[in-house]
1. Quick check on my filter: what residues within the stretch 278-289 are touching a Ser or Thr at 6+ places or on another chain (Cβ under 9 Å) and either outside any helix (DSSP H, G or I) or open to solvent by less than 10 Å² (accessible area, probe 1.4 Å) (or both)?
2. Take the residues in the stretch 192-211 that are open to solvent by 100 Å² or more (accessible area, probe 1.4 Å), within 24 Å of Met153 (Cα to Cα) and outside any loop (DSSP other than H, G, I, E, B); name whichever of them is modelled with the highest pLDDT.
3. Criterion first (among the β-branched types (Val, Ile, Thr) and under 28 Å from Asp249 (Cβ atoms)) does Val118 satisfy it?
4. Tell me, which residue of the stretch 221-245 that is open to solvent by less than 30 Å² (accessible area, probe 1.4 Å) and over 25 Å from Leu356 (Cβ atoms) is modelled with the highest pLDDT?
5. Might you check whether a residue that is in contact (Cβ under 8 Å) with a residue 24 or more places away in the chain, open to solvent by 10 Å² or more (accessible area, probe 1.4 Å), assigned to a helix (DSSP H, G or I) and of a type in the set (Ser, Thr, Tyr) occurs anywhere in the stretch 313-331?
6. Give the residue, chosen from Val345, Val360, that is modelled with pLDDT of 95 or more and of a type in the set (A, V, I, L, M, F, W, C).
7. Which numbered condition in (1) outside any loop (DSSP other than H, G, I, E, B); (2) open to solvent by less than 30 Å² (accessible area, probe 1.4 Å); (3) not aromatic (Phe, Trp, Tyr) is the only one that Leu432 fails?
8. Residue pairs, Cβ under 7 Å, 6 or more apart or interchain, first in the stretch 365-389 and more than 16 Å from Met334 (Cβ to Cβ), second among the polar types (S, T, N, Q) and open to solvent by 60 Å² or more (accessible area, probe 1.4 Å). List them.
Amino acid sequence: MRAPLVNFRRFQITAPWPIVWTLTVLFLLSRLVVAVVRLAVFAVRHWRAWPAVALVLVAVHVYRSHGWWPHLLVLLAVAAGAGVWWWKGRESFHRLVVLRLVTVWRRLWVYRRQWHEVMSLCGLVKKYDGGEVLPRLLSVRCSYATDELVVRMPKGQNPEVYHKAARDLAYSFGTRHCRVFSGRRQAPPARSGRLAVLLRLVDRVRFRDRPRQVWLVFIRRDPLTRIVAPLPVPVRPDFTALPLGVREDLATYCLRLLATHVLIGGATRMGKGSVIWSLLRSLAAGIRSGLVRVWAIDPKGGMELSIGRALFSRYVDDDWTRMADLLDDAVARMRARQQALRGKVRVHTPTVDEPLIVVVIDEIAALLAFLPDSDIRQRITQALGLLLTQGAGLGVLVVAATQDPRKEVVSVRDFFPTRIALGLTERAHVDLLLGDGARDRGALADQIPQSAKGVAYVLLDGQPEPARVRISYLPDDVIREMAATFPAPPEVQPEPDPAPVVVKPRSNGNGRHTYRPSAPKQDAPLLPPSLLNALDLNATNGSDPR
C-alpha cells in the first residue's frame with residue numbers, strides 16, 4: 001500500500017523534491033510578475049514625475065563628473081529665462097510655473113502630510129476587517145484663490161457625509177470655506193480638427209461618470225470680498241450665458257435666461273437691485289436693437305427702476321390697475337404666440353419681429369400679498385400664474401425680486417426654475433428659496449454679512465450643489481449712462497383710463513345743496529319686449545299700465 005502524498009500527522013511530504021522546487025519557483029515567479037505589474041502601474045500612474053526623476057539622475061551624474069559649477073550656470077540661465085518670461089508673459093508664467101509650484105507644495109505639505117489625521121478627526125475613516133479605510137487623495141489643482149481636491153470615497157460612503165463635514169474640513173486645513181461637489185466640475189471640451197474623433201474617444205474615458213469621486217474645493221483666499229465692477233456690455237446677448245458677476249474660482253458667473261424664470265431673494269439692502277441692473281446690462285445691446293423688450297413694474301413707486309426708464313419698453317410704478325393691465329397684455333402676447341408657434345417649434349427663438357419679452361418686477365410680494373384691492377390682486381395672481389407656467393418656452397419671461405420667499409407671501413414661488421439667494425435673515429429661508437437641503441450642501445445665505453452686498457448662492461447647470469458668486473455693482477451714474485446709450489425703441493403703450501367726472505351739487509338759493517343726478521343714457525329698454533307688449537295691451541283695454 002502506497003504512502004499518502006502528504007502525511008499531515010508527521011508533516012512529511014512523500015513527493016519527489018523536484019516537484020517541490022518546481023512549485024516553489026513557479027510561486028516566486030508569479031509573485032515577481034505581480035510586483036513588476038504593480039511597479040509598472042505605479043510608474044504609469046505617476047508619469048508626471050518622470051522628468052523630475054530623470055533630471056535628478058542627470059544632476060547627480062554631472063556633479064560626480066564636473067562638480068558644482070555646471071549646476072550654478074544652469075540655475076543662472078534658468079533664473080534669467082524665468083525673469084524674461086515673467087516680464088513678457090506674466091499671465092502664462094503664473095499659470096504654467098507659479099501655480100504648478102504652489103500645487104506641488106500644497107499637495108505635499110498641506111494635504112498629504114496631515115491627510116490621515118484630518119480624515120480621522122472629521123469622521124471620514126471607515127473601519128473594516130480590523131483596519132482602517134481612508135478616502136484616497138487622487139489629485140490637487142491650485143488656482144489663484146482655490147485648491148481643488150479630487151477624492152475617491154471608500155465603499156460605504158456617499159457625498160452627503162462630506163457635505164456635513166465641509167466646515168470641519170475647511171478649518172482643519174487652514175481655510176474658512178470648503179465646497180463639496182459630487183459631479184465633475186469641468187465639462188468635456190469641444191473637439192475639432194483631424195484628430196477630433198480620437199480625442200473624443202479619449203475624453204469619453206477621461207470625463208466618464210465616476211460616482212465614487214467627490215471634488216473638495218477649499219477657498220484659500222476669498223475673491224468675493226471686493227466689489228465687482230460693471231462688466232462689459234456684450235455686443236450681442238447670449239441668452240444662455242449672460243455675464244452677471246464673478247464666481248469663487250474667479251470665473252465669470254453667467255446666467256441662463258432662455259426658457260426660464262428667475263426669482264431673486266434677499267433681505268433689504270443686500271443687492272437685489274444689483275442683480276436686476278446687471279441682468280439689464282447684459283441685455284442692453286439687445287434692448288437697443290429691439291431683440292429684447294423689457295416691461296418693468298416697480299411697486300415701490302419707482303424708487304429702484306425709474307432711474308433707467310429709457311431701457312424699458314413699458315413701465316408702471318404708480319397705478320395698481322395699470323400693473324394688472326400690463327400683466328394681462330403679457331398673457332395676451334403669450335396667447336398670440338401660442339397660436340403662431342403651435343405645432344412648429346417647442347422653444348421660441350427671439351427675433352426683432354418677435355422679441356424676447358422680459359417682465360421685471362422689483363418687489364413681487366407687494367403685488368401678491370400686500371395689495372389692498374382684492375380684485376386687482378386676484379387678477380395679478382392669475383396673470384402671473386399663467387406666465388410662469390406657460391410663458392418660458394414662448395419667450396415671455398418673468399424676473400422678480402422679493403424679501404420674503406415664504407409660500408404665504410409669494411404664492412407662485414415654486415414656478416420659478418432659476419433662483420438666486422442673496423443675504424437672507426432666517427436659516428429656513430435658504431431651503432425655501434433654493435430647495436430642500438440646499439443649506440446642508442453649502443448655501444449659507446443666512447450667514448452673509450451686511451458688508452457683503454451682492455454675494456449670492458446660485459445653482460449652476462449640471463451641479464446639484466450651490467455655488468457662491470458676487471454680482472457686479474452698478475452706480476447710479478453708470479445706470480444713467482447705460483440708459484442713455486442703449487434706449488429701448490418706442491412701443492405703443494396704452495394710456496390709463498381717464499378719471500371719472502365728479503358731479504358737483506347744485507345750490508337751491510338758500511345756502512343748501514341739493515343733489516340731482518342726471519338721467520342715465522339707456523341704449524336698450526330695461527324690460528324685455530314681451531313685458532312691454534303686455535303693458536301696451538293693458539293700456540289699450542282701458543286699464544292703467546303697471
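The values are calculated or read from the model by the stated rules, or taken from the named source; none is laboratory data. Since the model is a prediction, treat every value here as computed from it, not as a measurement. Neighbour counts are summed over all protein chains in view; Cβ atoms, including those assigned to glycine, are modelled from backbone coordinates with ideal geometry. Surface areas here come from the heavy atoms of the whole protein model, side chains and all, with no ligands, DNA or RNA. Shrake-Rupley method; radii C 1.70, N 1.55, O 1.52, S 1.80 Å.
1. Ser278, Ala284, Ile287, listed by residue number.
2. Arg204
3. yes
4. It comes out as Val228.
5. So far as the stretch 313-331 goes, yes, one or more of its residues are in contact (Cβ under 8 Å) with a residue 24 or more places away in the chain, open to solvent by 10 Å² or more (accessible area, probe 1.4 Å), assigned to a helix (DSSP H, G or I) and of a type in the set (Ser, Thr, Tyr).
6. Criteria check complete, one pass: Val360.
7. Among (1) outside any loop (DSSP other than H, G, I, E, B); (2) open to solvent by less than 30 Å² (accessible area, probe 1.4 Å); (3) not aromatic (Phe, Trp, Tyr), Leu432 violates only (2).
8. Ala365/Gln403
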